[in-house]
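Since the structure comes first, as structure tokens, the remarks are kept for the end.
The values are calculated or read from the model by the stated rules, or taken from the named source; none is laboratory data. For clarity, every value in this text was computed on a predicted model and none was experimentally measured. Because the Cβ atoms are built from the backbone with ideal geometry, glycine has one as well, and the counts that use them run over all protein chains shown.
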Amino acid sequence: MIARIWRGITPVDKADAYLAYLRETGLKAYAGIPGSRGVTVLRRNQGEHCEIMLVSLWDSMDAVRRFAGENPERSVYYPNDPDYLLDMEPLVRLYEVADQLHFD
């Protein structure tokens, strides 16, 4: 399994609107890709800025490529992302999942 980690920073006053926008764009796109295993959305307010991280899980690198294209480390952006993000990071981080535990 592959973990794909994307990071973005918004002004704190745009964070809630951006998270709603993500639900309608990127998160919805994840759900439609064969091999997508889910996504965790993290946020951290830091003064005037909010850091947002998406940790998505994928069955394989082929599944990641179905979402991101031939370069799986390339960030995927949507038309209104520049309205929210302070910087458009060009790359994501990819990790092989070594272990995963679930607790009730």
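To keep it simple, each residue is scored yes or no on (1) without any contact (Cβ under 8 Å) to a residue 40 or more places away in the chain; (2) surrounded by 13 or more Cβ atoms within 10 Å (Cβ to Cβ); (3) among the basic types (Lys, Arg).
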position	(1), (2), (3)
Gln46	yes, no, no
Ser56	no, yes, no
Tyr77	yes, yes, no
Tyr84	no, yes, no
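So, Thr25, is that one at pLDDT below 95, of a type in the set (Val, Ile, Thr), under 12 Å from the mean Cα position of the chain (by Cα) and surrounded by fewer than 18 Cβ atoms within 10 Å (Cβ to Cβ) or not?
yes
How many residues are part of a loop (DSSP other than H, G, I, E, B) and not aliphatic (A, V, I, L, M) if we restrict to segment 76-104?
Summing the residues that are part of a loop (DSSP other than H, G, I, E, B) and not aliphatic (A, V, I, L, M) in segment 76-104 gives 12.
Could you please find all residues in segment 23-75 being in a loop (DSSP other than H, G, I, E, B) and under 20 Å from Met1 (Cα atoms)?
Within segment 23-75, Gly32, Ile33, Pro34, Gly35, Asp59, Ser60, Gly69, Glu70, Asn71, Pro72, Glu73, Ser75 qualify.
Can you tell me which of Ala3, Ala15 is surrounded by 14 or more Cβ atoms within 10 Å (Cβ to Cβ), small (Gly, Ala, Ser) and in a strand (DSSP E or B)?
Testing whether each residue is surrounded by 14 or more Cβ atoms within 10 Å (Cβ to Cβ), small (Gly, Ala, Ser) and in a strand (DSSP E or B) leaves just Ala3.
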